[in-house]
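Inspection log for the structure reproduced underneath, given as structure tokens.
The values are calculated or read from the model by the stated rules, or taken from the named source; none is laboratory data. Here the structure is a predicted model, which means the values were calculated and not measured. Counting neighbours? That spans all protein chains shown, and the Cβs are built from the backbone with ideal geometry, glycine included.
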Amino acid sequence: MLSRRVDHFVESVIRDMTRLSIKHDAINLAQGFPDFPAPLELKRAAADAIMGDFNQYSITWGAKDLREEISRKALKYNHIEADPDTEVTVTCGSTEAMMASMLALINDGEEVVVFEPFYENYGPDAAVSGAVPRFVPLNDDGSIDENALVSAFNKKTRALILNTPNNPCGKVFTRDEMKLIADLCADHDVIAVTDEIYEYILYDGKKHISIASLDEMKDRTITISGFSKTYSVTGWRIGYAVAQKELTSALRKVHDFLTVGAPAPLQHACVTALQFPDSYYKELANMYGGKRKLLYDALIKAGFECRLPDGAYYILADIPEYFEMDDMAFARYLVSEIGVAAVPGSSFFKSESGKYKLRFTFSKKDETLLEATKRLEKLKL
Ligand code: PLP
């Protein structure tokens, strides 16, 4: 009765944990969205756009003024030159940009290289687009296993997904690592599809590099980002993809028939977001730096083992062995008995490596994180 396509994946575990969290009145450190308000100026811009009657379909690939701002931002921050008329597409979140890219690039049975741990959407993205994912585990310290990466490329490889900063482990890929990936993509005629949604959330002086800024990758990269995380508006569903003309044209075709377009008044408000001063981004990273420390201290105190992430807003923690529970059992116990929701590690791994891990987000008010700290202390009793 149903297509084979949907047999290849299950419902999102992250969104499921949010539902469980509501049911148990728990603190939701599962899903990565802020529980604090979006910037006032942005909310005003959105309300003004609705009252100003930006309420009908925008151009399918995005409002012109927004594409122009994205093009300016791409040059200034990502060092990517992109013509706003032919090389920028506004989508319904970076989620849609990733799915549309895969549908535009990949034929049934072709392969896509994905680093592990990975954001859970990439599996279903591959399943829906007919791609076969080739997972390449990162080393425990987050570095690339060069041999594993080289051997993941073959005649069927069509694309590679690069998520930096990475959700869930917070890895920020270095220029040398990008160079290695770029050389392999060039040698095997592979397109990199990036997910740079956390590009401004970096710690300890780490720098964001877009692989499309490397000369050899300019024409073989689809660079994806969005407004959800940088501007705390995950519910607006505005993202974008930047890519050379032919790639953009293929992506736009898929995007048009999937969604017609992203919400018009919110696109208009996103122009305001891209005009925020540089200090906004510094304050954002500083704010998350403080929250990272709060959650890290809480987890260490409660008996978890974990590392501070270099970017994004998650901590991937090892479940203390003395609980003798795997990630699924422990996540259920934590939400129902302790009152804190987290995501079972297996959602981010193809291998067994996630089986004794949980992912926590610190994209929450300090008071929420402090309440979670109190609840997690009960684990030590
Ligand atoms: N990509 C990554 C790595 C994410 O962690 C998330 C959300 O958690 C998304 C994409 C979703 O982004 P958007 O809201 O732009 O669809």
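Filter segment 183-213 down to the residues that are more than 16 Å from the ligand (Cβ to nearest atom) and either surrounded by 21 or more Cβ atoms within 10 Å (Cβ to Cβ) or in contact (Cβ under 8 Å) with a residue 60 or more places away in the chain (or both), then identify the one that is farthest from Lys156 (Cα to Cα).
Asp204
So which of Val114, Val128, Val132 ends up being within 16 Å of the ligand (Cβ to nearest atom) and surrounded by fewer than 19 Cβ atoms within 10 Å (Cβ to Cβ)?
Val128
Need at least 1 residues that are more than 16 Å from the ligand (Cβ to nearest atom) and in contact with a Pro (Cβ under 6 Å, 6 or more places away or on another chain) per element, so show me which helices (runs of 4 or more DSSP H) inside segment 1-80 make the cut, counting only ones lying wholly within it.
40-51, 64-73
Name the single residue that is surrounded by the fewest Cβ atoms within 10 Å (Cβ to Cβ) among those in segment 216-275 being part of a loop (DSSP other than H, G, I, E, B) and more than 21 Å from the chain's Cα centre (by Cα).
Once the filter is applied, the top-ranked residue is Val260.
Asp145 passes all but one of (1) closer than 28 Å to Leu308 by Cα; (2) touching a strand residue (DSSP E or B) at 6+ places or on another chain (Cβ under 8 Å); (3) of a type outside the set (A, V, I, L, M, F, W, C); (4) surrounded by 15 or more Cβ atoms within 10 Å (Cβ to Cβ); which number fails?
The number of the failed condition is (4).
Looking at segment 86-95, is at least one residue surrounded by fewer than 21 Cβ atoms within 10 Å (Cβ to Cβ), of a type outside the set (Phe, Trp, Tyr), at pLDDT below 95 and within 14 Å of the ligand (Cβ to nearest atom)?
no
Count, please, the residues in segment 10-34 that happen to be modelled with pLDDT of 90 or more, surrounded by fewer than 13 Cβ atoms within 10 Å (Cβ to Cβ) and under 18 Å from the mean Cα position of the chain (by Cα).
Total meeting the criteria: 0.
Any chance you could count how many residues in segment 306-329 are modelled with pLDDT of 95 or more and either within 16 Å of the ligand (Cβ to nearest atom) or aromatic (Phe, Trp, Tyr) (or both)?
8
Residues to consider are Glu96, Glu87, Glu111, Glu68; find the one that is among the acidic types (Asp, Glu) and more than 29 Å from Val271 (Cα to Cα). It would help to see each step written out before you state the result.
Values: Glu96 fails: more than 29 Å from Val271 (Cα to Cα); Glu87 fails: more than 29 Å from Val271 (Cα to Cα); Glu68 fails: more than 29 Å from Val271 (Cα to Cα).
Of the residues listed, the single one that is among the acidic types (Asp, Glu) and more than 29 Å from Val271 (Cα to Cα) is Glu111.
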